[in-house]
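Any read-out appearing in this document is the output of simple, stated calculations on the displayed coordinates, not a laboratory observation. What you see is a predicted model, and the numbers here were worked out from it, not measured in a lab. Note that each Cβ is placed from the backbone with ideal geometry, even for glycine, and that neighbours are counted across all protein chains shown.
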Amino acid sequence: MLIRFSVENFSSFSDRQVFSLLPGKGTLKSEHKTKKIKGVSILKTSVLFGANASGKSNLIKAIDFGKLLVLKGTKSETKIDFQNFRLDLETVNKDSRIEYEIQHNGKNYAYGFVFNTDVIKEEWLYEISIKNEIKIFERNIEKKEIFDLENITKNIKSNEEQQFLKFTAKGTPNNQLFLNEIRTRKVKENVSKIDDLLNVIDWFQNSLKIIFPDDKYNEGLKFELKQDEELLTNFEQFLKYFDTGINGVCLEKVDFESVDVPKQILNKIKEDLLSKKSESIRASILSSKNTTYFLSIKDNDLVFEKFMTKHSVKGKKELEKFDTSDESDGTNRIMDFIPLLMDLMKGDNVFIIDEMERSLHPNLIYDLIDLFISNATAVNSQLILASHESTLLTQKLLRKDEVWFVVKDNYGSSKLHSLEDYNIRFDKEIRKDYLLGRFKAIARFGSRNKLSILNQNNG
């Protein structure tokens, strides 16, 4: 679960901004909150609103940037690939900062780093609670001893293991995160008692899932189902519930060569699925031609199955099979979200989706969120959206602390604020106020009189 995320000097964010999933003072819709772990309860849902180019997508890109830096790192001798805030001369040579506060496997952590294009200047990991914080490690290139690993090494009895961990830290390149070194250097095979490090890495790798509007491959959306029948039944039920006109679904095995997905992506999915060591885990992937495939491991080999829909045909007893590429964009978008809903209901997943409303009717988006919220009382999962869809702006669906706005100031810097900041009654209909600009998160248009082409045409 994501507790808080802060970002500074990254893309359209100049000064430090904090996106929080901590509940506010409101007591309504208590089922929207998780049960407390170490004194910390978290909201399960949040929606970010804002005009085009306000910074909604940049916030999600910042969250994704940190994830990629942890899991994939930076190539040797190359720059750290990001863009800092460019509209203020003071930020040009200023360091950037990202920090996650997360909840995972019964613990709360604060993990973050300070960086520029050349070097990771600081990195830290703390276990946190309401009352105190415990340092797990710190990294600061300006100190004589760059790494402080004392709280880890004191729990490691083996001198060889201690030395291995210190050697890994000392060998961490300046442009690389220590967590990435822990992950890629197979430290867990050689060092015990590093559960906190592995726990945080696991959150980035297996819990945090980010979906952008144009994602086609997404390296496979992983979910667990033991049998084909369960998969097909779930899909059929959801597709009928959302009134797609689809009467049934089926799977057809296909050859590796016939799958219209880049081979390097398929190989990456295979590697990932094999690492799970489970034949019940599948990956869903959408090809460039809008064909949906399911990938799984059977007998240590990758199995490809094309997902087909079935429709009734007037005058014909048997149902007619269709490729998903024959279905509407909206139906395909729904099918994209069905594995997502399955994973959310399992718990321990954080889905962050940019522009979920693309190709979907507003009522359907509303119902998707409501479906998750109403069925997630017993699970700890999060659904975080960035959206333009104003029909979601209602307190019938969301708490005030679940609604966030992103706006740009006069200097082009993105700012975050919550509906919780406004003195609004719990029964107030807020959509109208939003469209009227009360929350500052709508597009502002200039004067049409200044459009020279219009003046030419009127002359």
| task | Report the charge-dipole magnitude of segment 214-346 in Debye, nearest 20, computed about the Cα centre from +1 at each Lys and Arg Cβ and -1 at each Asp and Glu Cβ. | result | 160 debye
| message | Spelling out what I want: for every residue of segment 131-138, take phi, set θ = phi - 60°, compute 6.51 cos²θ - 1.76 cosθ + 1.60 (Karplus), and round to whole Hz; glycine and proline get x. | response | 8, 7, 9, 10, 6, 9, 7, 9
| query | Which option, (1) 25, 57, 15, 3, 0; (2) 22, 53, 24, 2, 0; (3) 20, 47, 27, 5, 0, is the value of P(r) over Cα pairs in 20 Å bins from 0, in percent that was calculated from these coordinates? | reply | (2)
| Rounded to whole Hz, the Karplus (6.51, -1.76, 1.60) HN-Hα couplings of segment 244-259, x for glycine and proline | 7, x, 8, 9, x, 9, 7, 10, 10, 5, 10, 7, 3, 5, 8, 7
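Could you compute the net charge surrounding D401? Neighbours are other residues with a C-beta less than 13 Å from the C-beta of D401; K and R count +1, D and E count -1. Numbers along the way, then the final one.
Details: positive: R4, K25, K29, K33, K44, R399, K400; negative: E402, E420, D421.
So the surrounding residues net to +4.
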| remark: By Cβ neighbour count within 10 Å, fewest first, I136, I141 rank I141, I136
| request: Would you work out which of T291, S275, N349 lies farthest towards the positive end of the dipole of the chain, given +1 charges on the beta-carbon of Lys and Arg and -1 on that of Asp and Glu, about the Cα centre? | output: N349
| message | Nearest 500 deg cm²/dmol is fine: what mean residue ellipticity at 222 nm does the chain get from its DSSP H runs of n ≥ 4 alone, each adding -39,500 (n - 2.57), divided by its residue count? | response | -8000 deg cm²/dmol
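Under a point-charge model restricted to the Cβ atoms of Lys and Arg (+1) and Asp and Glu (-1), what is the dipole moment magnitude of the chain relative to its Cα centre, in debye to the nearest 20?
Numbers: 71 positive and 70 negative charges, 215 e Å.
So the dipole magnitude of the chain works out to roughly 1040 debye.
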| request: Going by C-beta contacts inside 10 Å, put E305, E133 in order with the fewest on the left. | output: E133, E305
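Taking the Cβ of each residue in T377, T91 as the centre, tally the other Cβ atoms inside 10 Å and list the residues starting with the fewest. Can you show the working numbers first?
Details: T377 12, T91 19.
Fewest to most other Cβ atoms nearby, the residues stand as T377, T91.
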| request: Tabulate in residue order the Karplus-calculated ³J(HN,Hα) for segment 338-349, using 6.51 cos²θ - 1.76 cosθ + 1.60 with θ = phi - 60°, rounded to whole Hz; enter x for Gly and Pro. | output: 5, x, 4, 4, 4, 5, 4, 6, 6, x, 6, 10
| request: Would you work out the relative contact order for the chain, in percent, from Cα pairs under 8 angstrom that are 6 or more residues apart? | output: 19 percent
| Pairwise centroid distance, computed over Cα atoms, of segment 159-201 with segment 17-52, Å | 33 Å
